[in-house]
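For reference, the structure is listed below as structure tokens.
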Amino acid sequence: MRRRIFGTGATAVVLGLLIPLAGCGGSGNGAGDSGTLRLVAAEYGDNQATSSKAFWDKVTADFTGANPDIKVEVQLLPWADIDREVTRMVKSGKAPDMALMGSYSDFAAQGKLYSADELLSINAEANFLPPLAEAGSVGNTLYGLPWVASSRLLFYNQGLFKQAGISEPKNWSDLKSAAKALKDKGVKYPYALPLGPEEAHAEALIWELSNGGGYADSSGNYNLASDQNIQTFRWLKDNLVGPGLTGPVPPSQLNRADAFAAFVRGEVGMLNGYPQLLHEARAKGVDVRTATMPVSDTLGSGETPPTVGVADWMMAFRQNGKGAEIGKFLDFIYQDKNLSDFAGRYHLLPSTVSASRTPSGGGLDSTDQFFLTALRGAQLYPVNDPSWVTVSDTIKRNIGRAVEPNGDAKSVLEEIAAKANEAGRKH
């Protein structure tokens, strides 16, 4: 999950220059001494002021204060680099003791990770929210420990809705009518449809689920070119993109960061978003309302598709044999006060049942609670499939072609499905 709403190349450079946290040493790759744990973590902040460094400085100091024989070094890396860098460290035989990033299953498939039951108490392992624990498990074994999460909801600009004389859409026909009314009032992006390569897999899944489709079938196998998914993208092309209801930038070229920035500027009528965008937009004076994603007109009456959930994963590597020390540290940072502190800094959702029940300590307001409710029944990406990293990249780079003027949803989705099957065979 990238939190960078307004991420730019300059931001990535700044984050890449962040100094590793106190005590991290100069090598950045070695396993360290026996009394030191190394954590490589993604940087959640957009700049020095919002950097995750402050959190890790405090929590590691508190932990070492309670466990003087164990020091913890934390290295922060930009989201754009961390998957590649951790993979490089593991391949070179210099795995960190722990990593916090967006994927874990490839390492689990290689037998590189400790399982949760080797690290945590039974109560701690049982404390994760069920959809997150399921996504963090390969088979019935939990390897990816969920850290923070978010869910996606439909956002709409109530000020623009009032001007257009429209109300919250409940189904796709409503959404199309609302988008047309917004366009007639001169709204730049009636519905912002970011199917550009930054995060197209999120937008695509939201729409697929709202028509009874998705990335996988009931058995958990990829089903990317299902009839429902093909129908979904044909509807988008014919009813939103073709009539010019998605704005001046072709969806295949519109990235999420740009769509979010336009929403904050008051140029977007509707889009799918997560908690941080809500707080950013309201801080700029946008009257934001949230709703569940409208469902297709063909979906059965009363059916409520799951929302899309996204989580980040803490994992522990076997290579350095520090399971006991890692377990102590994980028990410490997953305490409600620490997890809630981190989640609250970035308007994200804590991953555990107990922390999610203590909003007063976690920075959750009533709106965040709405996202938390959605998360409890959410569907996450198939991150427990080792091929997902490759498959998601294929979706991100190609799905936008399905709604282009000369695009054909069936052929685009079948092409993506073929590449997904090929990736699956390699794993």
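The values are calculated or read from the model by the stated rules, or taken from the named source; none is laboratory data. Since the model is a prediction, treat every value here as computed from it, not as a measurement. Ideal geometry is used to build each Cβ from the backbone, glycine not excepted, and the neighbour counts take in all protein chains shown. All accessible areas refer to the heavy atoms of the entire protein, side chains included, with ligands and DNA or RNA removed. Shrake-Rupley method; radii C 1.70, N 1.55, O 1.52, S 1.80 Å.
Tabulated data
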quantity: Hits in the stretch 77-103 - residues which are in a loop (DSSP other than H, G, I, E, B), open to solvent by less than 10 Å² (accessible area, probe 1.4 Å) and modelled with pLDDT of 95 or more; calculated: ALA95, PRO96, ASP97
quantity: ALA135 touching a Ser or Thr at 6+ places or on another chain (Cβ under 6 Å) and buried (at least 19 other Cβ atoms within 10 Å of the Cβ); calculated: no
quantity: Candidate set: the stretch 46-60, residues that are part of a loop (DSSP other than H, G, I, E, B) and of a type in the set (Gly, Ala, Ser); chosen: the one modelled with the lowest pLDDT; calculated: ALA49
quantity: Residue pairs meeting the criteria (Cβ under 8 Å; at least 6 apart or on separate chains; first closer than 22 Å to PHE371 by Cα, in the stretch 308-320; second among the aromatic types (Phe, Trp, Tyr) and assigned to a strand (DSSP E or B)); calculated: ALA311/TRP147; ASP312/TRP147; TRP313/TRP147; MET314/TRP147
quantity: Count - residues of the stretch 313-343 that are more than 18 Å from GLY136 (Cβ to Cβ), of a type in the set (Gly, Ala, Ser) and buried (at least 18 other Cβ atoms within 10 Å of the Cβ); calculated: 1
quantity: Selection from the stretch 104-117 of residues that are of a type in the set (S, T, N, Q) and not in a helix (DSSP H, G or I); calculated: GLN110, SER115
quantity: Selection within the stretch 208-226 - closer than 19 Å to GLU404 by Cα and without any contact (Cβ under 8 Å) to a residue 60 or more places away in the chain; calculated: GLU208
quantity: Residue check for ALA109: in contact with a Pro (Cβ under 7 Å, 6 or more places away or on another chain) and either modelled with pLDDT of 95 or more or not polar (S, T, N, Q) (or both); calculated: yes
quantity: Flag if VAL412 is of a type in the set (A, V, I, L, M, F, W, C), outside any helix (DSSP H, G or I) and either open to solvent by less than 50 Å² (accessible area, probe 1.4 Å) or on the phi < 0 side of the Ramachandran plot (or both); calculated: no
quantity: Residue in the stretch 61-76 that is crowded, with 17+ Cβ neighbours inside 10 Å and either in a loop (DSSP other than H, G, I, E, B) or at positive phi (or both) present; calculated: yes
quantity: Condition check for GLU199: among the acidic types (Asp, Glu), open to solvent by less than 30 Å² (accessible area, probe 1.4 Å) and closer than 30 Å to LEU339 by Cβ; calculated: yes
quantity: Qualifying residue in the stretch 385-397 (condition: in contact with a Lys or Arg (Cβ under 6 Å, 6 or more places away or on another chain) and more than 19 Å from PHE128 (Cα to Cα)); calculated: yes
quantity: In the stretch 297-312, residue modelled with the lowest pLDDT [restricted to those that are surrounded by fewer than 23 Cβ atoms within 10 Å (Cβ to Cβ) and not β-branched (Val, Ile, Thr)]; calculated: SER301
